[in-house]
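A short write-up of the structure that comes next.
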Amino acid sequence: MSVIEADPGLSNVSVAHTEIGDVRGDEGFYQYRQYSATDLARHRTFEEVWFLFVHGRLPDAVELAEFTALIRSLRAVDDELMTMIRVVATTGRDHRSLIDLRTVLSSLGQLEGMAPLWDSDESTRSRHALRVSAVTPTILAALHRLSTGAEPMPARDDLDTAAHWLYSITGEVPAPAHARAVEQYLIATIDHGFNASTFTARVIASSGADLVSTICGAIGAFSGPLHGGAPDRALDALDEIVAAGGTGAAGEWAREQLSSGRRIMGFGHAVYRTVDPRSELLREIAIELGGGLVDLAVDVEREVVGVLQQAHPDRPLYANVEFYAGVVMDRCGIPRTMFTPTFTVSRVVGWCSNVLEQAQSRRIIRPRATYVGPEVAELVS
């Protein structure tokens, strides 16, 4: 059998069929099932879009009420799991939320007896996916508050996902404008093709492992700065520009980054060859929120894009989702250390949907590698 040589990073290689969504990079468009993802973010709630991922269609009013009540009931943690959260949050040094989340979710899978996907029926797998998706924000917020010396907030059943996330972090019910801005961000980041974390989850799922193992693997990939770990770094770049002299220094700062071989976080994307539609949406949200940071970001984006177009005239690079994500989250009161965890709150829904889809196949994902090492040599005694 002949071996097909794939492009580096598996770019331009399709490895599966999916009904979950699509990313059309040349067009600057992506969709969730049959709908434009950004249209959903502009006009629907997070719970409605979550239902879409689970059932393949948008809910009617009765279905939405029932689904919302269900996921709210699944967000609470019991005393046994909270004990584990406290241990993880107070053990070791230099805590990173996603690494701590992996440990707690592993315990959750064990405590709640989540069997391998291979040995579970569709109903059981779906129930586990809803539980993991609903409880992940509660775990992340509790880890954060404990790490800062505060007590976790008790789960409430009267707040939607975005508002509950902000409440769980800050201890206060958020302003409606902030809750809606975060909700739109969450909707826009649920899924985005076979990115590194989603593909990792599906590879693990193809082995028949339990659902928590697939999500922990996805979290590991997601924690990297080239993937989900970029929103805070993009805001760090804005800090550097301010320190260098503000908007007027943005162009020179960008040129210095390029000449030093450093990547400009928040710009460019592995798939999009035009404007990232998520960035356009988040820019709109940021401008509506207003403030000095937003004004700075808009000006810096214009300056940096100009420098990148001069440096790469054959491939223009634009702001990606991480650039304005950090700005929006900062304006809504989310600490910088919780930017990537906020991304995780939405993406876990997408991971779970992909895992459940992959679990319908009974074939393991097993590509080959091309050996380029030394020729076989005789072993001398």
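What is the set of long-range amide H partners of Tyr30 at a cut-off below 5 Å, with H atoms built 1.01 Å from backbone N?
It is Arg24, Ala37, Thr38, by chain and number.
Roughly how many debye, to the nearest 20, is the charge dipole of the range 276-381 about its Cα centre, given +1 on each Lys and Arg Cβ, -1 on each Asp and Glu Cβ, and no other charges?
620
Is the shape of the range 1-122 rounded, prolate or oblate, going by the alpha carbon gyration tensor and its root eigenvalues a ≥ b ≥ c, with a/c under 1.5 for rounded and a/b larger than b/c for prolate?
Oblate, since a/c reaches 1.5 and b/c is not below a/b.
Relative contact order of the chain, please, whole-number percent, based on alpha carbon pairs below 8 angstrom and at least 6 residues apart.
22
Find how much the distance from His43 to Val380 grows on full extension, using 0.36 nm per residue of separation minus their present alpha carbon separation; answer in nm with one decimal.
The span from His43 to Val380 would gain 114.2 nm if fully extended.
Calculate one ³J(HN,Hα) per residue across the range 203-220 by plugging θ = phi - 60° into the Karplus curve 6.51 cos²θ - 1.76 cosθ + 1.60, and present them in order as whole Hz with x for glycine and proline.
4, 5, 4, 5, 7, x, 5, 6, 4, 4, 4, 5, 6, 5, x, 4, 4, x
Quick one: pull the percent of accessible area on the range 52-188 belonging to carbon and sulfur, 1.4 Å probe, ligands and nucleic acids left out.
For the range 52-188, the apolar C and S fraction of the accessible surface comes to 51 percent.
Under the classification rounded if a/c is under 1.5, otherwise prolate if a/b is larger than b/c and oblate if not, where does the range 326-381 fall, given a ≥ b ≥ c as square roots of the Cα gyration tensor eigenvalues?
Here the range 326-381 falls in the oblate category.
Assuming R0 = 35 Å, what is the FRET efficiency of Val15 and Leu70, from their Cβ-Cβ distance, to the nearest 0.05?
E between Val15 and Leu70, to the nearest 0.05, is 0.60.
Classify the chain as rounded, prolate or oblate from the Cα gyration tensor: take a ≥ b ≥ c as the square roots of its eigenvalues, call it rounded if a/c is under 1.5, otherwise prolate when a/b beats b/c and oblate if not.
Verdict is rounded for the chain.
Tell me the carbon and sulfur percent of the accessible area for the range 279-334, rounded to whole percent, probe radius 1.4 Å.
Its accessible area is 44 percent carbon and sulfur atoms.
Using DSSP to define loop residues, name the chymotrypsin sites (Phe, Trp or Tyr not before Pro) in the range 204-312 whose beta-carbon has at most 15 other beta-carbon atoms within 10 Å.
none
What's the center-to-center distance, using Cα atoms, between the range 209-262 and the range 300-354 in Å?
8
With every protein chain kept in place and ligands, DNA and RNA left out, what is the accessible area per residue of the range 1-157? Probe 1.4 Å, answer in Å².
Ligands and nucleic acids excluded, the result is 55 Å² per residue.
What FRET efficiency comes out for Asp94 versus Ala243 if R0 is 30 angstrom and r is the Cβ-Cβ distance? Round to the nearest 0.05.
0.80
What are the ³J(HN,Hα) values, in whole Hz, obtained from phi via the Karplus relation 6.51 cos²θ - 1.76 cosθ + 1.60 with θ = phi - 60°, for each residue of the range 149-155 in sequence order, with x given for Gly and Pro?
With coefficients 6.51, -1.76 and 1.60, one gets x, 9, 7, x, 7, x, 5 Hz.
Could you provide, to the nearest whole Å², the per residue accessible area of the range 206-306 with probe 1.4 Å?
40
Just to be sure I follow the definition: excluding the sites themselves, where is the longest run in the chain that has none of the trypsin sites (Lys or Arg not before Pro) in a DSSP loop with at most 16 other Cβ atoms within 10 Å?
Longest run free of exposed loop sites: 157-261.
Dipole size in debye (nearest 20) for the chain around its Cα centre, Lys and Arg Cβ +1, Asp and Glu Cβ -1?
Value, rounded to 20: 480 debye.
Using only the heavy atoms of the protein chains and a 1.4 Å probe, how would Ser279, Ser14, Ser97 rank by accessible area, largest first?
Result, largest first: Ser14, Ser97, Ser279.
Ordering Thr198, Thr90, Thr370 from largest to smallest accessible area (1.4 angstrom probe), what's the sequence?
Thr90, Thr370, Thr198
Taking only DSSP H segments of four or more residues, each worth -39500 (n - 2.57), what value at 222 nm results for the chain once the sum is divided by all its residues, to the nearest 500 deg cm²/dmol?
That comes out to -18000 deg cm²/dmol.
The values are calculated or read from the model by the stated rules, or taken from the named source; none is laboratory data. Computed from a predicted structure; not experimentally measured. Positions of Cβ are backbone-derived with ideal geometry, glycine not excepted, and every protein chain shown enters the neighbour counts. When the accessible area is computed, the model is the full protein with side chains, heavy atoms only, and any ligands, DNA or RNA have been set aside. Shrake-Rupley method; radii C 1.70, N 1.55, O 1.52, S 1.80 Å.
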